[in-house]
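The values are calculated or read from the model by the stated rules, or taken from the named source; none is laboratory data. What you see is a predicted model; the values in this text were computed from it and never measured. Here the Cβ positions follow ideal geometry from the backbone for every residue, glycine too, while neighbour counts run over all protein chains shown.
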Ligand SMILES: Cc1cc2nc3c(=O)[nH]c(=O)nc-3n(C[C@H](O)[C@H](O)[C@H](O)COP(=O)(O)OP(=O)(O)OC[C@H]3O[C@@H](n4cnc5c(N)ncnc54)[C@H](O)[C@@H]3O)c2cc1C
Ligand SMILES: NC(=O)c1ccc[n+]([C@@H]2O[C@H](COP(=O)([O-])OP(=O)(O)OC[C@H]3O[C@@H](n4cnc5c(N)ncnc54)[C@H](OP(=O)(O)O)[C@@H]3O)[C@@H](O)[C@H]2O)c1
Ligand SMILES: Cc1cc2nc3c(=O)[nH]c(=O)nc-3n(C[C@H](O)[C@H](O)[C@H](O)COP(=O)(O)O)c2cc1C
């Protein structure tokens, strides 16, 4: 869009400056084009449905900015003779990856699919025109976040589809939803799109797929895919004619460019880390200096880091409850291992270029760069590879048994699925581990770079209050390190990298690329409103910010409502986070703290959930009579669910409500944002 406007704007200016070269009609035409450009940029965008307010735990996409003049997907399909389009709603890349796999696979079935399309970059109002293309199909791979919300890149499309009534008669569709059963609103987006498209007259070609990240998302996808293609062929009356074609989407070029033209880890703009320019966001992170770093655990074999990042001069603002996102760098030892195993000089300059010139995504990551930069900054080298990656690796494996093993795991047979589940997922093998364990597997490093997904930023609940610390954001992060069944020690990418950021005397300060993600996890507007916070382990992070903020208000002599924290950890002497700070708030009459030390009495675990039950009557009074707020932060899988159930029970018991009334009561608290959860798994 910008480019169209710029181009038309320039033409109008040229016409005005050199009037004799143009006739009156030319000028009228050019002015019309310029006017249209202005309309396009300002009015059309402003009439787009506004994204819903972002929820506390949605995440920013980290993809490179769209090119809006490429937005007519129908025109592209017609121009290139394609009949399938796959849209993705993705925040951390999984749905996008699945979309690309479907596009590649369509070719194997003799069909032509457009490169995966981002709804944010496309004229989604064109959806009804799909019926103009013979035997056409639209596939949606849609992830769910937060409270059943769409991903950022799908939110405008979601709002439009929800509120408008386009006639989609003649549009054929299939949906794969991505979600996680540990969240209350499981797969809401997949379900919504599947239902809504049918309501609008579109024809479902196959039952929607339901992917569960808490189980085995890969297997869910494979199982659905096994039903998809036969159904599509059947629907269009086509013969099954599998073709073995190259699945490569990018070709390797070896550029020879001066160092200042090489990306060295920037997320989008070349040299953005040398010349930092606001505004800072997911595509343009701010390099924050680490001003403080200290260990929070006093004993035990784990580590929890308190890190302070300087955001002065960045114009970044935050509120207690927001998230800070960190772009980490992979462990250099793992990066070097790729060079050793595949005998490649990692300092070779590379550029991976999309072979589909219709695609808006020219490179899978910022190019040109070196292999080392790609493996350090842009690629996720530690996750378990998906089955299509194993299939590609098999093509480059010479040993018969090793090749068969890879092919078996990539197949959709029961035996293959079980082997993949055991050998890759349970044994927790990364692609590097596979190269180590199958020594005859020697793919080219550029293929590896194409197969690996993008390294994602990691989110942390900010553990400070901007009222006290406007120039720094604080992080409370537990170091991730665990042994795998193959005897390897796996280390968390971001936390291991953050662990190396301790300021050293006489050394320049470390820098961390960050951006702030606004959330809806907020203190009540009135300080007198009572709050109940439940945050075991690192779940206490945002509550440190909340307590800091309320203490400041109290110290100013203003009235502050009950401020109650339920905190849990293993042992008081080991992992009681911010004990001294919380003590101070207790001494000053602000905080009431309930602590559960789970491993101090070997015979019985005590959790925050037990303490909540004990305080049931008080909690009911606070929420029913005093309009109090409840906050939960930390583990989504068990803790947050248990807390939710206990709060429902408390309402039932002390409010004398039936089970359904108690559920409805808590739902209402959620809608009023008086019950908020900031949880992850
Ligand atoms: C909204 C939000 C807020 C968050 N706030 C915080 C916070 O305040 N503090 C905090 O510490 N974290 C927080 N997290 C988690 C944080 O974003 C990272 O996920 C975490 O720090 C690990 O990142 P990493 O790169 O070190 O690990 P990664 O390299 O990403 O590894 C993590 C992965 O390792 C695997 N894994 C982990 N443990 C094991 C195990 N024992 N066995 C086998 N596999 C395992 C899992 O697949 C897991 O997804 C938050 C997450 C979200 C989404
Ligand atoms: N994605 C990631 O890589 C990642 C990274 C960091 C944290 N997390 C999640 O965040 C959570 C917090 O991590 P952490 O290391 O800070 O916490 P933690 O130390 O593992 O746990 C804090 C306390 O909560 C207790 N607990 C366990 N299950 C509970 C439940 N159902 N209800 C209430 N309390 C419970 C623990 O007891 P016991 O341990 O004695 O049972 C411990 O005393 C973790 O559970 C994890 O799921 C995920
Ligand atoms: C912070 C967070 C919130 C999530 N919320 C939900 C949810 O409400 N419902 C759901 O079904 N899945 C939820 N998920 C799971 C994601 O939908 C799932 O991991 C999906 O594979 C992500 O796809 P993506 O990588 O394309 O963004 C959540 C995941 C995270 C990390």
Quick check on my filter: what residues within segment 632-672 are within 20 Å of residue 524 (Cα to Cα) and more than 16 Å from ligand 3 (Cβ to nearest atom)? 647, 665, 666, 668, 669, 672
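Search segment 477-494 for residues being within 16 Å of ligand 3 (Cβ to nearest atom) and in contact (Cβ under 8 Å) with a residue 60 or more places away in the chain, and hand back the single one that is farthest from residue 576 (Cα to Cα). First the steps, then the outcome.
So the first thing to find is which residues in segment 477-494 are within 16 Å of ligand 3 (Cβ to nearest atom), and the list is 477, 480, 492-494.
After this cut, where a residue has to be in contact (Cβ under 8 Å) with a residue 60 or more places away in the chain as well, the list is 477, 493-494.
Working: 477: 14, 493: 25, 494: 23 Å.
Result: 493.
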Lone unmet requirement of (1) within 16 Å of ligand 3 (Cβ to nearest atom); (2) touching a helix residue (DSSP H, G or I) at 6+ places or on another chain (Cβ under 6 Å) for residue 452: (2)
Residue 525 passes all but one of (1) within 14 Å of ligand 2 (Cβ to nearest atom); (2) outside the structural domain of residue 675 (by TED's automatic domain parsing); which number fails? (1)
Could you tell me whether segment 208-223 includes any residue that is more than 30 Å from residue 677 (Cβ to Cβ) and either in the same structural domain as residue 372 (by TED's automatic domain parsing) or without any contact (Cβ under 8 Å) to a residue 60 or more places away in the chain (or both)? no
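Which residue, of 621, 674, is crowded, with 18+ Cβ neighbours inside 10 Å and under 22 Å from residue 593 (Cα atoms)?
On the way: 621 fails: crowded, with 18+ Cβ neighbours inside 10 Å.
Going through 621, 674 in turn, the sole match is 674.
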For segment 400-410, does any single residue satisfy the condition of being touching a helix residue (DSSP H, G or I) at 6+ places or on another chain (Cβ under 9 Å) and either part of a loop (DSSP other than H, G, I, E, B) or touching a residue at least 60 places away in the same chain (Cβ under 8 Å) (or both)? no
For segment 161-176, does any single residue satisfy the condition of being touching a residue at least 60 places away in the same chain (Cβ under 8 Å), within 27 Å of residue 106 (Cβ to Cβ), within 16 Å of ligand 3 (Cβ to nearest atom) and in contact with a strand residue (DSSP E or B) (Cβ under 7 Å, 6 or more places away or on another chain)? yes
Wholly within segment 536-608, which helices (runs of 4 or more DSSP H) include no fewer than the required count, namely at least 3 residues that are within 16 Å of ligand 1 (Cβ to nearest atom)? 541-555
Tell me, which residue of segment 324-344 that is closer than 16 Å to residue 430 by Cα and assigned to a loop (DSSP other than H, G, I, E, B) is nearest to ligand 3 (Cβ to nearest atom)? 330
Criterion first (in a strand (DSSP E or B) and within 28 Å of residue 517 (Cβ to Cβ)) does residue 157 satisfy it? no
Residue 91 fails exactly one of (1) more than 16 Å from ligand 1 (Cβ to nearest atom); (2) crowded, with 21+ Cβ neighbours inside 10 Å; (3) outside any helix (DSSP H, G or I), namely (1)
Just checking, which of 226, 213 is under 15 Å from residue 90 (Cβ atoms) and at pLDDT below 95? 213
Scan segment 134-148 residue by residue and report those that are surrounded by 18 or more Cβ atoms within 10 Å (Cβ to Cβ) and more than 30 Å from residue 671 (Cβ to Cβ). 136, 137, 138, 139
Say we look at segment 177-191 and pick out the residues that are near ligand 3 (Cβ under 6 Å from one of its atoms) and surrounded by fewer than 19 Cβ atoms within 10 Å (Cβ to Cβ); which of these is farthest from residue 106 (Cα to Cα)? 185
Picking from 110, 93, 56, the residue that is at pLDDT below 90 and at positive phi would be 110
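Within segment 460-481, work out how many residues are assigned to a loop (DSSP other than H, G, I, E, B) and more than 21 Å from the chain's Cα centre (by Cα). Give the derivation first.
Taking segment 460-481 first, the residues assigned to a loop (DSSP other than H, G, I, E, B) are 462-471, 479-480.
Still in the running and more than 21 Å from the chain's Cα centre (by Cα): 464-471.
Within segment 460-481, residues that are assigned to a loop (DSSP other than H, G, I, E, B) and more than 21 Å from the chain's Cα centre (by Cα) number 8.
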Would you list the strands (runs of 3 or more DSSP E) that sit entirely within segment 482-535 and hold 3 or more residues that are away from ligand 1 (no atom under 14 Å from the Cβ) and touching a helix residue (DSSP H, G or I) at 6+ places or on another chain (Cβ under 9 Å)? 531-534
